[in-house]
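Encoded as structure tokens, the structure appears first; notes follow it.
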Amino acid sequence: MQEQRVETRGYGRRTLVSAFLFLIVIPGTILFGVYALDDRKYYFISLLIILYTLLPFAMVFERRKPQARELMVIAVLTAIAVAGRAAFFMLPQFKPVVAIVIIAGVSFGPEAGFLVGATTGFVSNFFFGQGPWTPWQMFCFGIIGFIAGLLFRKGWLKANKRSLCIFGGVAAFFIYGGIINVGSLLMFTPSISREALLATYASGFWFDLIHAAATVIFLFVLSKPMLEKLERIKIKYGLIER
């Protein structure tokens, strides 16, 4: 019983650290790159984001050594997301990344969701092209996985197609689109005006809508088989608890 209470406190502490890193430190780092480094050091900012993302996982293993199989599943999910993004390169915004990131967050927790999303954004851009947009994409993918994991843990997001598709569509349109449009504007001007922001959102509306529709479609097709398979793997190998 005492050991269980210790684990619960540790898990809560890890979540608070993760929330601080993902919601405050990483956005602050991105803005530091925009204003202090003039968007010229995006590789450096991207690597900092990955470093921040790995810190909560160091806390997971602070009382024991990590098992290779625990990290392998996260790596495989990232590889699937990267391959999926590359496979649909000819269709702008029609990508499965957000769907896979949500599945990762639901299955392995918010920290894993952010890690898969941020790493996917960085690695896949070696194919699509690195640039000042990379940190923004890493953050957008990652924060959706983090929120999905948190909502699922609280019971507000269910592991069924309807719930996941609704969340995925809303997240892709409002969270990813809402943040990436601000990032796109800051790539061209350091100052934000209401007129410029409205014009950016208007020009990105159809791209965001396609992205949201793609996320719904991929979640409808992939969520049930992937979650069932991941659950069996977790039970069989005793992987990271949510």
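Observations on the model:
- Annotation: lysines with alpha-carbon distance below 30 angstrom to K234 (same-chain offsets under eight excluded): K65, K95, K154, K158, K161, K224.
- Counting 0.36 nm for each residue step from V170 to Q130 and taking away their Cα separation leaves a gain of 11.7 nm.
- Tail fraction, Cα-Cα pairs, the chain, threshold 29 Å, whole percent: 26 percent
- Total charge dipole magnitude, the chain, about the Cα centre, Cβ charges on Lys, Arg, Asp, Glu only, Debye to nearest 20: 840 debye
- Heavy-atom accessible area, probed at 1.4 angstrom with all protein chains present, ranks W206, W136, W156 as W156, W206, W136, highest first.
- For S193, the solvent-accessible surface computed with a 1.4 Å probe is close to 50 Å², ligands and nucleic acids excluded.
- Most fluctuating residue given options V116, V34, V76, as computed from a GNM of the chain linking Cα atoms under 10 Å: V76
- Helices of the chain meeting both criteria, an alpha-carbon length of 24 angstrom or more along the long axis and an average Kyte-Doolittle score not below -1.0, with helices taken as full DSSP H segments, are 42-60, 68-87, 110-128, 133-154, 194-237.
- Accessible surface ranking for L31, L77, 1.4 angstrom probe, highest first: L31, L77.
- With DNA, RNA and ligands ignored, accessible area of C165 (1.4 Å probe; Å², nearest 10): 20 Å²
- Selection among F114, C140, C165 by position relative to the dipole of region 85-183 gives C165 as farthest towards the positive end (Cβ unit charges, Cα centre).
- Size of electric dipole in region 129-242: Cβ of Lys, Arg +1 and of Asp, Glu -1, about Cα centre, debye, nearest 20: 680 debye
- Accessible carbon and sulfur surface of the chain relative to its total accessible area, %, 1.4 Å: 69 percent
- Where region 10-146 is the region considered: accessible area per residue in Å², 1.4 Å probe: 41 Å²
- The chain - mean residue ellipticity at 222 nm from DSSP helices (-39,500 (n - 2.57) per run, n ≥ 4, rounded to 500): -26500 deg cm²/dmol
- Computed on the chain, with alpha-carbon pairs under 8 angstrom and 6+ residues apart, the relative contact order is 21 percent.
The values are calculated or read from the model by the stated rules, or taken from the named source; none is laboratory data. Please read all numbers here as calculations on a predicted model, not as lab measurements. Here the Cβ is made from the backbone with ideal geometry for all residues, glycine too, and neighbour counts use every protein chain on show. Just the protein is used for accessible areas: all its heavy atoms, side chains included, with ligands, DNA and RNA removed. Shrake-Rupley method; radii C 1.70, N 1.55, O 1.52, S 1.80 Å.
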